[in-house]
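What follows is a single structure, written as structure tokens, with notes after it.
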Amino acid sequence: MNESQTPPVDDPWKRRFIILFVVTVIIPAFVALWLLRRFGEDVPVDHESAVEHFKYGSTGGEHEMGFPYWIWRALPEVCPQYLPGRGYQSLGMVFERNADGSERDVPVGTSRRRYQGIDRVFVNCAVCHTSTVRVAADQPAQIVLGMPAATFNMKGFEEFFFRCAADPKFSKEYILPEIERQGGQLDLLDRLLVYPVAIAIMRDRVLALAGRFDWVFRQHEWGPGRVDTFNSAKVIFNFPMAHLDPREFDAPADFPSIWQQRQRKEPREMQLHWDGNNTTVEERNKSAAFGTGTTPPTIDLARIRRVEDWLLDARPPAFDRFFAIDRQLAARGAALYKQYCAACHGASGSDFSGEHVGRVVPLAEIGTDRRRLDSYTYTLAVNQATLYAGYPWRFTHFQKTHGYANMPLDGLWLRAPYLHNGSVPSLRDLLEPAAKRPPVFHRGNDLYDPVRVGFVSDQPQVDGRPLFRFDTRLPGNANSGHEGRAYGTELTAADKAALVEFLKTF
Amino acid sequence: MSIGTRKPWVRAIVILVGVLAVLAALIGYDRGFREQPQPDWVSATPETRFKYGSIGAEHDAGVPYWIFYVLPRIFPEKLRQDGRIVPGGYAALGVPWELGQELPIGFTKKIIGFPRVANNCAVCHTTSIRATADANPSFIVAGPAHTTNVEAFFRYLIDCAKDPRFNADILMAEINRVTDLDVIDRLLYRFFIIPITKKRLLEREAQFAWIYRPDFPEWGRGRDDAMNLTKYFMIRAPMDDTFGPTDMPSVWNLAKYRWDQGHRMNYAGDSHDAWSVIMDSALGLLGAAPVNRDEFVAQVKWLHGYLGRLPPPTYPFPIDRAQAAAGKPLFVAHCARCHDSELTGRPLPLAEVGTDRGRIDSWNMAAAIKANQVVKEMGLDRRGLVEADPEGYVAAFLDGIWLKAPYLHNGSVPTLRDLLEPAARRPQVFWRGYDVYDQKKVGFVSDGEAAQRVGTRLDTRSRGGGNQGHEFGTQLSAGEKEALLEYLKTL
């Protein structure tokens with residue numbers, strides 16, 4: 001009774017209430033806010049210029065597939081035995097140099113994003129569509145954006161991560177010290193919690209993926225510059241790969257160049273991909289973006305759009321910025337080109353008009369290796385129509401074709417080796433009948449041969465690094481087809497030289 | 001209430017709880033039950049409506065869309081035929097599937113609270129056909145779905161549900177990889193839709209017990225055990241020992257059936273007319289009484305009209321007209337008595353034809369009476385099933401016969417040319433469900449490497465698969481058979 005009549009000024013209940021309030025509300029609120037800031041971010045590293053964005057911008061693939069930045073950095077040192085040489089460089093990835101001459105921390109074709117409290121790295125479009133050219137053995141490599149990644153060994157890249165994740169050294173005991181050695185100053189929370197958890201999660205994810213990509217290990221080597229595009233696409237649906245028709249396997253295709261996309265959609269939509277299985281540039285792009293780790297809910301459409309816009313009118317560098325062209329000889333070759341090539345390959349390297357450009361030629365007619373065509377099945381095509389279900393941009397244009405598409409030839413000189421499977425090292429070789437094309441050559445050199453028009457292919461190594469020995473007699477590698485009178489393989493040597501000279505202007 | 005007036009905070013809480021309850025009910029209705037029409041393109045043409053239009057099966061037989069979507073990604077190893085794992089998602093089941101379409105033909109998507117997938121008639125009545133192995137398929141509506149492996153589909157859903165990995169954690173992880181559901185849908189899926197779907201699919205196992213019987217052969221592509229489906233589903237009969245596999249029939253030009261002229265439908269003449277057959281088949285797809293009877297009857301009416309008038313497809317390859325003309329008198333002499341006369345469309349005594357009796361034994365008068373009663377209790381009006389034991393198979397109308405391979409009621413003879421051989425010389429084993437057309441033998445290619453890889457094996461010595469009987473015209477000379485075949489292409 002007394003207590004209730006005279007409430008004291010410094011009521012102990014009031015104090016207790018304040019303490020309770022601070023403990024149960026204020027402190028947790030601050031902790032929650034801090035956690036939200038620490039782990040709630042979803043911020044990619046952006047680049048002002050379109051060119052930098054192409055090289056290092058995000059497609060959104062880091063959400064699902066991103067490797068924690070410092071793990072990405074550490075792995076080549078933790079698992080060097082699974083790389084052909086030192087670092088990601090040995091897989092043919094392209095590194096730019098910093099102002100001080102040192103190599104950048106990540107190669108061209110990788111992006112960074114801070115997501116769920118950790119910086120993540122994964123590949124973007126440029127990893128398969130950027131490479132280097134050297135005009136002479138003692139000259140520096142020049143980076144060319146949009147050209148096929150002729151030196152990048154994608155199969156080696158995949159296998160490196162799958163093997164490393166399965167290695168006992170893929171653990172915090174080996175990775176964290178390596179991160180420290182490389183100067184990664186992880187804070188206490190990162191060291192004790194975030195990175196150990198991230199290592200475990202990444203290991204699980206990569207191993208799960210490795211199961212789905214098990215078939216890759218059983219393929220003949222793709223070598224640099226190639227990927228088995230549509231067997232990889234079957235992995236999206238978790239097709240039981242071991243049960244596929246064996247004829248669908250060993251179907252590597254050369255990376256394509258990706259310049260001048262506008263002319264592939266206007267004035268008329270071309271059949272895109274080597275077999276012309278899609279006519280929509282944007283759908284084709286989203287399909288390719290699966291290769292950068294994107295999923296329908298996590299794709300970063302706004303940033304992919306920036307790349308798409310840039311690619312609409314991106315142009316290949318001219319041959320004569322690197323080597324001289326004999327203009328007179330080229331002029332003579334122009335007439336031959338018009339007679340033999342233009343209807344299927346366009347009026348020139350920048351004018352893609354021509355009756356058959358961007359259309360499929362039946363396999364029996366073109367006669368090139370059929371495995372890439374057979375790897376793309378009607379069954380896959382209808383399954384692809386379920387991709388992006390529930391979104392307005394669900395895939396609706398994939399179709400099964402029965403031949404290969406006639407490509408426009410912009411930047412042709414940078415697109416060696418030739419044919420869809422990269423089985424012919426140079427343009428000059430392509431003008432020979434298949435029987436006289438090199439049965440074995442080497443891929444992955446960035447040293448250019450301006451005479452035969454293609455990369456130097458007769459050297460087994462460069463700077464002590466072995467190059468890939470390409471055997472055209474292996475499944476998927478046949479260098480047959482695109483031959484005969486109509487294809488210029490019966491021209492005289494002089495005419496062939498003139499034609500090749502003209503093709504340098506593309 | 002006096003409490004309300006005395007204590008305003010109680011009243012406030014009561015009101016708040018009430019408002020929240022109403023809100024929850026509205027959201028629950030919207031996300032769980034509210035029916036939305038299919039998009040306009042579905043009914044843009046009668047053909048698209050037949051292929052993709054809902055007949056109302058989503059209510060009870062529907063599988064929630066996102067579950068349907070992710071199952072082949074989670075359980076690809078359960079998509080099998082002839083015991084082999086077949087890659088390709090639902091395409092592995094041989095369902096007709098057009099390029100650019102989100103779902104195969106005969107699969108319908110409709111939002112009832114949430115998107116659901118069910119089937120319509122087209123899943124069993126659309127033919128996939130290719131001119132050569134290097135061509136894409138064409139799809140002919142109302143033709144027999146000779147490629148569709150119905151039994152494998154039934155089993156697949158049940159097998160998935162039986163797997164312990166069919167749980168909310170694993171399904172949600174996969175669903176979140178392909179779409180961006182909002183919080184309410186995620187909760188609904190996790191706590192209601194996935195567990196309920198699992199339960200419903202598991203309930204099917206008991207009903208479908210006979211499709212797991214090791215002593216019965218697989219139906220394989222393009223066949224179903226039609227009358228046992230009716231028995232075990234519509235009238236919930238206890239499992240008996242019969243097995244009567246039949247070929248998927250064509251359903252074009254149904255107006256030719258005139259019940260008042262003695263025509264009967266179904267292979268053994270067990271149903272009176274097209275109206276009854278359409279209604280009973282549709283009820284089979286619904287798996288329950290229709291939620292909205294008037295809408296259901298309207299669907300049946302539309303199908304009845306559409307399929308009644310739909311002409312049979314004409315033979316798309318060249319025909320030797322002179323040869324066909326030479327074949328016509330042979331047809332008149334050897335075939336017309338049953339296939340172009342007042343006998344056509346009526347059941348003939350089995351002894352006269354001598355084909356496999358499995359299908360006849362799988363149906364009986366008591367089942368017909370019971371089924372008629374069940375449908376009547378749903379308040380549906382139809383002439384219905386013939387309340388008598390079947391005694392033989394119907395002498396078929398031959399319109400569009402070129403596309404109805406394999407032949408005989410149980411699809412036990414791959415081509416018309418084979419049918420013109422005595423049973424002993426018909427293929428004993430062949431592969432069904434490969435869709436490249438064989439213009440020479442008139443039917444689908446049924447042997448060889450590709451047919452064996454794609455199709456399902458039919459051993460005519462297996463139960464219900466006998467290829468004996470109908471040994472008519474088998475004595476003709478080889479030249480006469482060629483002429484007759486050419487004429488049959490014109491029908």
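Rule-based calculations on the coordinates, nothing more; no lab input. Everything quoted here is computed from the prediction, not taken from an experiment. As a convention, Cβ positions derive from the backbone with ideal geometry for all residues, glycine included, and neighbour counts pool all protein chains shown.
Cβ screening of chain A for cysteine pairs under 4.7 Å finds these without a partner: A:Cys125, A:Cys128, A:Cys341, A:Cys344.
List the trypsin sites (Lys or Arg not before Pro) within the range A:1-107 that DSSP assigns to loop and that have no more than 15 neighbouring Cβ atoms inside 10 Å.
Numbers: sites: A:Lys14, A:Arg15, A:Arg16, A:Arg37, A:Arg38, A:Lys55, A:Arg73, A:Arg86, A:Arg97, A:Arg104; in loops: A:Arg86, A:Arg104.
Passing sites in the range A:1-107 are A:Arg86, A:Arg104.
Close amide H pairs (under 5 Å, H built 1.01 Å from N) link B:Val436 with B:Arg130, B:Val445, residues at least 5 positions away or on another chain. Overall, chain A carries a charge dipole of about 400 debye about its Cα centre when +1 sits on the Cβ of Lys and Arg and -1 on the Cβ of Asp and Glu, all other atoms neutral. Once you've got the Cα coordinates, tell me which of A:Lys265/A:Lys338; B:Lys51/B:Lys199; B:Lys51/B:Lys441; B:Lys110/B:Lys199 are over 26 Å apart. Those over the limit are B:Lys51/B:Lys199; B:Lys51/B:Lys441. Overall, the protein assembly as shown carries a charge dipole of about 840 debye about its Cα centre when +1 sits on the Cβ of Lys and Arg and -1 on the Cβ of Asp and Glu, all other atoms neutral.
The mean number of Cβ atoms from other chains found within 10 Å of a Cβ in peptide A:77-84 is 0, as a whole number.
In this structure, the pairs whose alpha-carbon distance is over 30 Å, taken from A:Lys400/B:Lys481; A:Lys169/B:Lys78; B:Lys256/B:Lys489; A:Lys172/B:Lys198, are A:Lys400/B:Lys481; A:Lys169/B:Lys78; A:Lys172/B:Lys198. Less than 5 angstrom separates the built amide H of A:Arg120 from those of A:Tyr69, A:Arg113, A:Arg114, A:Tyr115, all sequence-distant by 5 or more or on a different chain. The distance linking the range A:376-434 with the range B:229-305 is 47 Å (Cα centroid to Cα centroid, whole angstrom). Applying the Karplus relation 6.51 cos²θ - 1.76 cosθ + 1.60 with θ = phi - 60° to the range A:411-427 yields 3J(HN,Hα) values of x, 3, 4, 8, 9, 6, x, 9, 6, 4, 9, x, 9, 10, x, 9, 4 Hz, where x marks Gly and Pro.
The region of chain B that goes longest without hitting one of the trypsin sites (Lys or Arg not before Pro) in a DSSP loop, each with at most 15 other Cβ atoms within 10 Å, is B:35-164. Compared with the rule-of-thumb size 2.2 N^0.38 Å for a compact globular protein, chain B has a Cα radius of gyration ratio of 1.08. Around B:Lys198, what is the net charge, scoring Lys/Arg as +1 and Asp/Glu as -1 over all other residues with Cβ under 13 Å from its Cβ? Residues close to B:Lys198 contribute a combined charge of +1. Normalised by 2.2 N^0.38 Å, where N is the number of residues, the C-alpha radius of gyration of the protein assembly as shown stands at 1.12. Phi-derived couplings, Karplus 6.51 cos²θ - 1.76 cosθ + 1.60 at θ = phi - 60°, listed residue by residue for the range A:279-284: 10, 10, 4, 5, 5, 4 Hz, with x used for Gly and Pro.
Take every Cα pair under 8 Å in chain B that's 6+ residues apart, average their separations, divide by the length, and report that relative contact order as a whole percent. Rounded, it is 15 percent for chain B. Amide H to amide H distances under 5 Å link A:Val361 with A:Tyr404, A:Ala405, A:Asn406, where only residues 5 or more positions off or on other chains count and H is placed in the peptide plane. The string of couplings for the range B:421-434 from the Karplus curve (6.51, -1.76, 1.60, θ = phi - 60°) is 9, x, 3, 4, 9, 7, x, 7, 10, 8, 10, 9, x, 8 Hz, one whole number per residue in order, with x for Gly and Pro.
Secondary-structure-derived ellipticity at 222 nm for chain A, considering helices only, amounts to -9500 deg cm²/dmol, per-run term -39500 (n - 2.57) for DSSP H runs with n ≥ 4.
Between beta-carbons, use under 14 Å as the cut-off and find the net charge around B:Trp41, counting Lys and Arg +1, Asp and Glu -1.
Details: positive: A:Arg394, B:Arg49, B:Lys51, B:Lys109, B:Lys110; negative: B:Asp40, B:Glu47, B:Glu98, B:Glu102.
Within the 14 Å Cβ shell, the charges total +1.
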